[in-house]
Amino acid sequence: MTHKKPILHFSPQEKKDLIISWLTLSLAFAVVINPVFFNINNLFFSLPIALLAVGTGFVFHELAHREAAKYFGFHSEFRAWYPGLLIALGLAIATMGNFLFAAPGATYFFGENVSRKQNGVISIAGPATNIMLGIILLILATLAIDKAIQTIFVYAGMINFWFALFNMLPIFPLDGAKVLAWKPSIWIIVTLIALVLVFMPGILFSSFGLAI
């Protein structure tokens, strides 16, 4: 089946929910990256990283789910969970960046007779996108002349890898539970890749000539 609407089509509500979720989560992540958030010097360092990391790691993750669902002919849109966004920001500030619980919302799709394979493919699209984006951001880091910009790309890339690993946990309603139910072999491969990228990033750093 083909898309019924252009890939960049957003309903007014979806556009609003994505922007608010992106900005709110970015503030929460900025606190985690640098707990003394309200210091203006720290803000200039942590906020660009958070905006890039959340913009790629969260927004593109959800859009990947949405477009995969549309590929199968399902209506799909992102909806923010505003209490979850407030909790994420509030906890990050209250704990000075030591704890972040992020439940910003989800991409919902609606269709009849959704197969286990379709559900699995839609679910794996998000973490797979995070892994690809993380690698792209590290490649961009190697091309950056300015050290600060390079650091921003590296941090954003690593956060994408964390997004992938977290979402591959086999706990419902996370993506990993649906992928595991569809095809355990794919769940194992993607989870192992995410584990290596998160806990042994030196493999990629040495490949790209990065010394961070």
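Rule-based calculations on the coordinates, nothing more; no lab input. In this text the structure is predicted, and so the values were computed from the model without any measurement.
If each DSSP helix of 4+ residues adds -39,500 (n - 2.57) and the sum is divided by the residues in the chain, what number results at 222 nm, nearest 500 deg cm²/dmol?
The helix contribution divided over the chain gives -22000 deg cm²/dmol.
Specify, per residue and in Å³, the volume enclosed by the convex hull of the alpha carbon atoms belonging to the stretch 112-212.
91 Å³
Assuming a strict under-30 Å limit between Cα atoms, what lysine pair count do you get for the stretch 12-208 once near-sequence pairs (fewer than 8 apart, same chain) are dropped?
Step by step, the pairs that qualify in the stretch 12-208 add up to 10.
How many percent of all Cα-Cα pairs in the stretch 112-159 sit more than 13 Å apart?
In whole percent, the share of Cα-Cα pairs in the stretch 112-159 beyond 13 Å is 61.
Please report, in whole Å³, the volume per residue of the convex hull around the C-alpha atoms of the chain.
132 Å³
Run the Debye formula on the Cα coordinates of the stretch 56-167, all scatterers equal and no solvent, and tell me log10 I(q)/I(0) at q = 0.17, 0.18 1/Å.
Here log10 of I(q) over I(0) equals -0.91, -0.97.
Report, in whole Å, the centroid distance computed from the Cα atoms of the stretch 151-207 and the stretch 18-87.
About 18 Å separates the Cα centre of the stretch 151-207 from the one of the stretch 18-87.
Out of all Cα-Cα pairs in the stretch 82-140, roughly what percent, to the nearest whole number, are more than 17 Å apart?
63 percent
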